[in-house]
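Peer 1: The structure follows.
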Amino acid sequence: MDYKRELDDLLSTVFKEQASDLHLSEGRHPVIRVAGLLSPLVKKSVLTKEDTTGFLKVMLDGEDMQIFLKNKEMDFSYSHGGVGRFRVNAYFQRGSVGIAFRWIPKTIKTLDELNLPPALEIFTRKQQGFFLVVGPVGHGKTTTIAAMIEVINQERAEHIITIEDPIEYVFEDKKAIIDQREVRQDTKSFQNALLSIFRQDVDVVLIGEMRGIETIATAVTAAETGHLVFSTLHTNNAAQTLNRIIDSFPPAQQDQIRIQLASSLAGIFSQRLIPRISGGLIPAYELLINNSAVANLIRERRTHEINTVIETGMEQGMIDMNRSLADLVRAGEITIENAYAHSLNTRILERMI
């Protein structure tokens with residue numbers, strides 16, 4: 001088999017079908033995910049152990065292949081013509097290679113095109129602060145942050161640095177200058193790259209993912225010292241996000257990180273991509289804006305009250321997830337069943353619908 005040609009054909013299929021993901025593993029047809037649902041490409045042959053290894057060798061050079069064989073898994077990016085880039089994770093399963101591709105479109109969509117709230121633009125115009133986009137894996141966090149970075153790119157003459165593993169969306173300089181650093185290729189680690197920003201005349205920092213307390217601590221410090229910092233976490237909502245960050249530190253350091261978060265946090269945006277009745281996916285979301293009341297709750301170890309603040313904070317611009325779900329149901333965008341499936345408090349959602 002010509003693995004390069006076959007891989008190009010599979011990735012073109014992802015583009016044609018507007019799929020989000022492609023899965024290759026031994027003993028199965030190639031599988032794509034469209035609008036959240038897995039669909040096997042039954043016209044393609046069932047893959048063998050040699051096939052999946054052959055596809056991997058197309059994408060990795062000899063040195064990277066040796067790193068993969070040693071570590072048994074690897075994240076990297078792969079470009080395919082004019083289609084865009086793919087974030088790739090290769091791994092072993094039952095002694096053979098499995099590969100998961102996530103499509104990163106070449107064009108960065110606007111917030112409006114993504115059906116995201118205009119309130120997010122407020123955070124792109126801040127001069128400093130810490131803004132997090134959170135949610136489960138595969139629910140559009142990277143795409144949302146890319147749209148926000150692109151707003152800055154179009155509006156302000158700033159120096160933006162992204163630190164990613166791997167680089168996903170590729171930005172073109174407009175008013176801003178944007179340097180994109182990939183872990184392992186351009187820097188040894190997130191932590192090393194973050195420490196370097198203090199000597200690189202940086203205005204805005206995008207950290208692909210918060211990994212470890214050293215990265216979190218440095219990111220918060222960067223936000224305190226005049227930088228606008230964006231990042232992501234795999235958490236369900238704002239309250240859980242704050243607890244995850246604080247609990248990742250040893251008990252002796254938790255009061256300090258609470259104080260730092262209370263002063264540096266700009267906001268937390270949580271989102272879910274939900275099947276749309278008309279086809280495709282549409283986001284439901286929650287937005288926490290850090291104000292004096294929120295900052296006090298963080299400092300006073302009362303993060304369990306954050307949900308109530310969001311529910312009652314519409315006048316301050318906050319957005320409640322259940323209200324977002326209920327609005328989508330009333331607009332005929334999603335089914336009631338899907339609204340309940342994505343709610344973290346169905347009892348409150350029931351009263352709204």
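Computed from the coordinates by the stated procedures, all read-outs in this text should not be read as laboratory data. This is a predicted model, so every value here is computed, not measured. Please note: Cβ atoms are built from the backbone with ideal geometry, for glycine as well, and neighbour counts cover all protein chains shown.
Peer 1: Rounding to the nearest 20 debye, state how big the charge dipole of the chain is about its Cα centre with +1 on each Lys and Arg Cβ and -1 on each Asp and Glu Cβ.
Peer 2: 580
Peer 1: Determine ³J(HN,Hα), in whole Hz, for all residues of region 328-341 in sequence, where each value follows from phi through the Karplus function 6.51 cos²θ - 1.76 cosθ + 1.60 and θ = phi - 60°; x replaces Gly and Pro.
Peer 2: Along region 328-341, the couplings run 5, 5, 5, 7, x, 7, 10, 7, 4, 4, 5, 4, 4, 5 Hz.
Peer 1: Please compute the net charge surrounding Asn296, taking Lys and Arg as +1 and Asp and Glu as -1 over other residues with Cβ under 15 Å from its Cβ.
Peer 2: So the environment of Asn296 carries a net charge of +1.
Peer 1: Can I ask one more? State the extension gain, in nm to one decimal, for the chain segment bounded by Arg244 and Asp75, taking 0.36 nm per residue of separation less the distance between their alpha-carbons.
Peer 2: In short, 58.4 nm is gained.
Peer 1: Please list the non-local residues whose amide H lies under 5 Å from the amide H of Ile104, H modeled 1.01 Å from N, same-chain partners needing a gap of 5 or more.
Peer 2: Those lying under 5 Å, H to H, from Ile104 are Arg85, Phe86, Arg87.
Peer 1: Through the Karplus equation 6.51 cos²θ - 1.76 cosθ + 1.60, θ set to phi - 60°, convert the phi angles of region 52-61 into ³J(HN,Hα) values in whole Hz; use x for Gly and Pro.
Peer 2: Rounded to whole hertz, the list is 5, 5, x, 4, 5, 5, 5, 8, 10, 7.
Peer 1: Right, here's the next one. On a C-alpha basis, how far is the centre of region 114-153 from the centre of region 290-329 in Å? Whole number, if you could?
Peer 2: If we compute the Cα centre of each part, the gap is 18 Å.
Peer 1: For every other residue with a beta carbon closer than 12 angstrom to the beta carbon of Ala238, add +1 if it is Lys or Arg and -1 if Asp or Glu, then tell me the sum.
Peer 2: In short, -3.
Peer 1: Averaging sequence separations of C-alpha pairs under 8 Å and six or more residues apart, then dividing by the length of the chain, give the relative contact order as a whole percent.
Peer 2: Normalised by residue count, the contact order of the chain is 13 percent.
Peer 1: Which cross-chain or sequence-distant (5 or more) residues have an amide H under 5 Å from the amide H of Val97, H modelled 1.01 Å from N in plane?
Peer 2: Amide H to amide H, under 5 Å and 5 or more residues apart or across chains, Val97 pairs with Thr53.
Peer 1: Given 0.36 nm per residue, what is the gain on full extension from Lys44 to Gln66 after removing their alpha carbon distance, in nm?
Peer 2: 5.0 nm
Peer 1: At 0.36 nm per residue, and after removing the present C-alpha to C-alpha distance, how many nm does the segment from Asp186 to Asn345 gain when stretched out fully?
Peer 2: 52.9 nm
Peer 1: Another question, if that's okay. I'd like the Karplus ³J(HN,Hα) series for region 251-261: coefficients 6.51, -1.76, 1.60, θ = phi - 60°, whole numbers in Hz, and an x wherever there's a Gly or Pro.
Peer 2: x, 5, 9, 5, 5, 5, 5, 4, 4, 5, 5
Peer 1: So, with +1 on the Cβ of K and R and -1 on the Cβ of D and E, and no other charges, what is the size of the charge dipole of region 238-353 about its Cα centre, to the nearest 20 debye?
Peer 2: Computed charge dipole of region 238-353: roughly 120 debye.
Peer 1: If each of Ala293 and Val58 carries a label point 7 Å out from its Cα toward its Cβ, how far apart are those two points in nm?
Peer 2: In this crude label model, Ala293 to Val58 measures out at 5.5 nm.
Peer 1: Quick one: which residues, 5 or more positions from Asp320 or on another chain, have an amide H under 5 Å from its amide H? H modelled 1.01 Å from N in the peptide plane, none for Pro or chain starts.
Peer 2: Placed amide hydrogens put Leu287 under 5 Å from Asp320.
Peer 1: Starting from the Cα of Lys49, draw a straight line to each of the lysines and keep only those under 19 Å, dropping any in the same chain fewer than 8 residues away.
Peer 2: By straight Cα distance, Lys49 reaches Lys4, Lys57, Lys70, Lys72.
Peer 1: Here is a follow-up. If the reach is capped at under 19 angstrom between alpha carbons, list the lysines near Lys126, excluding any in the same chain fewer than eight residues apart.
Peer 2: The qualifying lysines are Lys174, Lys175.
Peer 1: Here's another thing I want to ask about it. Of all beta bridges DSSP finds with both residues in the chain, what is the antiparallel percent, to the nearest 5?
Peer 2: Roughly 60 percent of the DSSP beta bridges within the chain come out antiparallel.
Peer 1: Can I ask one more? At Glu214 and Ala35, where each label point lies 7 Å from the Cα along Cα→Cβ, what is the point-to-point distance in nanometres?
Peer 2: Between Glu214 and Ala35, the simple spin-label model gives 4.6 nm.
Peer 1: Only helical DSSP H runs with n ≥ 4 go in: add -39500 (n - 2.57) per run for the chain, normalise by residue count and round the 222 nm mean residue ellipticity to 500 deg cm²/dmol.
Peer 2: Dividing the helical sum by the residues of the chain leaves -11500 deg cm²/dmol.
Peer 1: Counting Lys and Arg as +1 and Asp and Glu as -1, what is the net charge of the other residues whose Cβ lies under 13 Å from the Cβ of Glu121?
Peer 2: Net local charge, Glu121 excluded: 0.
Peer 1: Sticking with the crude label model, points 7 Å out along Cα→Cβ, report the distance from Gln154 to Gln256 in nm, one decimal please.
Peer 2: 4.2
Peer 1: Given (1) 26, 51, 23, 1; (2) 28, 56, 16, 0; (3) 33, 62, 5, which label gives P(r) over Cα pairs in 20 Å bins from 0, in percent as computed from the coordinates?
Peer 2: Step by step, P(r) over Cα pairs in 20 Å bins from 0, in percent for this structure corresponds to label (2).
Peer 1: Rounded, prolate or oblate: pick one for region 59-180, where a ≥ b ≥ c are the square roots of the eigenvalues of its C-alpha gyration tensor, a/c under 1.5 means rounded, and failing that, prolate if a/b is larger than b/c, else oblate.
Peer 2: prolate
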